[in-house]
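Student: Dumping the structure here so I can ask a few things about it.
Computed from the coordinates by the stated procedures, all read-outs in this text should not be read as laboratory data. Treat the numbers as computed from the prediction; the structure is a model and nothing was measured. Every residue, glycine among them, receives a Cβ derived from its backbone with ideal geometry; neighbour counts consider all protein chains shown.
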Amino acid sequence: MDFNDTPEEAEFRSEVRAWLDDNVQKDWRDRMVNGRFGEVCREWQKIKYDGGWACVNWPKEYGGRGLTPIQSVIWSQEESKVAPPSAAMLVVGLGMTGPMLMVHANDEQKARLLPKTASAEIVWCQLFSEPAGGSDLAALRTKAVPDGDEWVINGQKIWSSGAHESDWGILVTRTDPTVPKHKGLTFFVVDMKTPGIDPRPIKQISGQAHFNEVFLNDVRIPDANRIGAVGDGWKVAMTTLMNERLAVGASGGAAGAAGNFDSLFDMVRDLEGEDGPLIGDRVVREKLADWYCREAGIRNVNARTVSALSRGDTPGPEASISKLIQGPQKQDMASFGMDLQDMAGTLIDPEMAARRAEFQYSLLGSPAGRIAGGTDEIMRNIIAERVLGLPGDIRVDKDVPFSDIPTGA
Ligand SMILES: Cc1cc2nc3c(=O)[nH]c(=O)nc-3n(C[C@H](O)[C@H](O)[C@H](O)COP(=O)(O)OP(=O)(O)OC[C@H]3O[C@@H](n4cnc5c(N)ncnc54)[C@H](O)[C@@H]3O)c2cc1C
């Protein structure tokens with residue numbers, strides 16, 4: 001594979017650089033440091049949308065630019081050098097909901113929701129996980145009951161990132177408990193301002209509270225907001241989750257390693273150990289080389305996924321490989337970065353700690369990255385079954401009507 005630009009790609013890269021040069025706000029880094037991360041990212045998304053550079057690989061009619069996969073990669077490479085990073089708060093909309101709607105929504109829903117998603121006028125949250133339905137999402141219990149042209153929803157979701165500051169949510173519900181668990185689900189989009197939706201933030205180890213419990217009490221959703229057929233919710237949820245793994249793996253998001261390696265390398269270059277510059281230390285060099293090789297491997301797996309997308313295929317189970325490698329790697333690199341800072345590694349106040357406590361926050365966030373979007377064990381199951389073709393996990397309740405599965409209650 002030749003990774004150098006063709007003359008056409010080089011010309012396109014110059015066009016991208018020129019646009020970014022004219023449009024990226026010069027003060028975004030200062031504003032982010034002052035805690036206005038979400039606001040800066042939302043603004044940047046709108047600037048891109050108005051300039052025709054939002055969601056560059058989406059079709060133009062949905063607010064994208066219709067670029068080829070290779071052009072999209074060039075855009076991302078150049079954007080990541082100079083512009084605000086993609087905010088986690090936009091990932092559900094841009095990386096998951098948009099691609100899912102393009103496959104499963106009807107024309108009216110696509111026209112109503114996709115352009116506003118591309119411009120970040122609608123910020124989305126994901127209302128999938130429940131106390132009894134995380135890895136085993138099909139075990140979810142939130143009920144949707146039809147009532148005329150509406151559905152009445154009752155239940156509880158949990159770990160819903162950003163639900164307290166989102167405009168709309170993607171929601172999976174149970175509409176038929178008399179059939180096996182994967183078959184009785186139905187998928188909706190819901191306006192988070194609908195009466196009966198009650199998000200309650202959960203405090204995390206970092207001190208932040210970015211995810212929520214969400215209680216749904218007699219929430220009424222018009223049937224026009226059902227995505228796909230009644231009973232087809234599992235299929236729609238699977239498209240969403242495949243895109244989630246791709247978005248997280250390819251962007252170096254919650255579980256990603258991208259970004260951290262360069263930072264670590266930068267820091268090591270400036271540090272002195274007892275026997276001279278740390279960059280000359282054999283153990284340090286071995287670790288850096290190992291992480292660099294893994295990152296290169298991930299880039300190549302992602303390139304393979306991009307090639308598959310360019311052939312019109314939907315993202316496959318291979319996206320799980322990137323997520324599985326990046327999660328633990330991010331944790332290891334953050335831990336090593338703190339070790340290298342010696343006693344100062346225990347400081348977490350961004351005003352006092354080295355590199356604004358980047359590795360400290362990364363370490364606190366990395367276990368969550370190995371759970372969100374599917375745990376390491378679930379990634380291993382997916383790779384074993386769907387990439388390597390090994391025998392499947394034992395699923396005793398697969399063909400049993402949901403209402404007959406013992407709950408222990
Ligand atoms: C930071 C963060 C953000 C999140 N954001 C969202 C969000 O926005 N929306 C949302 O809906 N959810 C969200 N989640 C929830 C996330 O999807 C679930 O936590 C995850 O799917 C695991 O489910 P669980 O927590 O119920 O754990 P469980 O499914 O109860 O798993 C417990 C343990 O058992 C293991 N396990 C389970 N099943 C198997 C199996 N078959 N084989 C081997 N091991 C197994 C798991 O690996 C894990 O170690 C988020 C989670 C985190 C950490």
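Student: Would you mind getting the Kirkwood hydrodynamic radius of segment 162-242 from its Cα pairs, rounded to one decimal in Å?
Tutor: Numbers: mean 1/r = 0.0717 Å⁻¹.
Every distinct Cα pair counted, the radius reaches 14.0 Å.
Student: With runs of 4+ DSSP H residues as the only contributors, calculate the mean residue ellipticity of the chain at 222 nm using -39,500 (n - 2.57) per run, divided by the residue total and rounded to the nearest 500.
Tutor: After summing the helix terms and dividing by the residues of the chain, the value is -13500 deg cm²/dmol.
Student: Set the Förster radius R0 to 56 Å, insert the Cβ-Cβ distance between Ile279 and Asp191 as r into 1/(1 + (r/R0)^6), and round the FRET efficiency to 0.05. Walk me through the numbers before you get to the answer.
Tutor: Working: r = 53 Å, r/R0 = 0.95.
Result of the calculation: an efficiency of 0.60.
Student: Starting from the Cα of Lys143, draw a straight line to each of the aspartates and glutamates and keep only those under 13 Å, dropping any in the same chain fewer than 8 residues away.
Tutor: Glu130, Asp176, Asp218
Student: Right, next: For segment 7-118, just say rounded, prolate or oblate: build the C-alpha gyration tensor, square-root its eigenvalues into a ≥ b ≥ c, call rounded for a/c under 1.5, and beyond that prolate if a/b exceeds b/c, oblate if not. Mind showing how you got there, number by number?
Tutor: On the way: a/c = 2.19, a/b = 1.19, b/c = 1.84.
Because a/c hits 1.5 or more and a/b fails to exceed b/c, segment 7-118 counts as oblate.
Student: List the relative contact order of segment 164-247 as a percent without decimals, with contacts defined as Cα pairs under 8 Å and 6+ residues apart.
Tutor: Details: 130 pairs, mean separation 26.9, N = 84.
About 32 percent, as a whole number.
Student: Something else now. Could you state the number of Å between the C-alpha centres of segment 168-194 and segment 72-127?
Tutor: 21
Student: Any idea what angle helix 37-51 forms with the longest principal axis of the chain, computed on alpha-carbon atoms, 0 to 90 degrees, nearest 10?
Tutor: Compared with the principal axis, the helix lies near 80 degrees.
Student: Let me ask you something else. At most 16 other Cβ atoms within 10 Å and a DSSP loop assignment: could you name the trypsin sites (Lys or Arg not before Pro) in segment 135-224 that fit?
Tutor: Values: sites: Arg141, Lys143, Lys157, Arg174, Lys181, Lys183, Lys193, Lys203, Arg220; in loops: Arg141, Lys193, Lys203.
Of the trypsin sites (Lys or Arg not before Pro), the ones in loops of segment 135-224 whose Cβ has at most 16 other Cβ atoms within 10 Å are Arg141, Lys193, Lys203.
Student: If you take every DSSP beta bridge whose two residues both sit in segment 124-231, what share of them, in percent to the nearest 5, is antiparallel? Can you show the working numbers first?
Tutor: Details: 31 of 36 bridges.
If we restrict to bridges inside segment 124-231, about 85 percent are antiparallel.
Student: Here is a follow-up. Only four residue types carry charge here, +1 at the Cβ of Lys and Arg and -1 at the Cβ of Asp and Glu. Report the dipole size of the chain about the Cα centre in Debye, rounded to the nearest 20. If you can, show how the numbers build up before the last one.
Tutor: Details: 45 positive and 59 negative charges, 152 e Å.
The dipole magnitude comes to about 720 debye.
Student: Here is a further query. At most 10 other Cβ atoms within 10 Å and a DSSP loop assignment: could you name the GluC sites (Glu not before Pro) in segment 273-376 that fit? Don't jump to the answer; show the numbers that get you there.
Tutor: Details: sites: Glu274, Glu286, Glu295, Glu318, Glu351, Glu358; in loops: Glu274, Glu318, Glu351.
In loop regions of segment 273-376 (DSSP not H, G, I, E or B), the sparsely surrounded GluC sites (Glu not before Pro) are Glu274, Glu351.
Student: Starting from segment 141-248, pick out the GluC sites (Glu not before Pro) whose DSSP state is loop and whose Cβ has at most 11 other Cβ atoms within 10 Å.
Tutor: Sites meeting the loop and neighbour criteria: none at all.
Student: Obtain the radius of gyration and the Kirkwood radius of segment 252-387 from its C-alpha atoms and give Rg over Rh. Working shown, then result.
Tutor: Numbers: Rg = 16.8 Å, Rh = 16.1 Å.
Using Cα coordinates only, the ratio equals 1.04.
Student: Stokes-Einstein diffusion coefficient for the chain at 37 °C in a medium of 0.692 mPa s, Rh from the Kirkwood formula over Cα pairs: what value in µm²/s? Each step should come with its number before you reach the end.
Tutor: Details: Rh = 22.8 Å.
For the chosen part, D equals 144 µm²/s.
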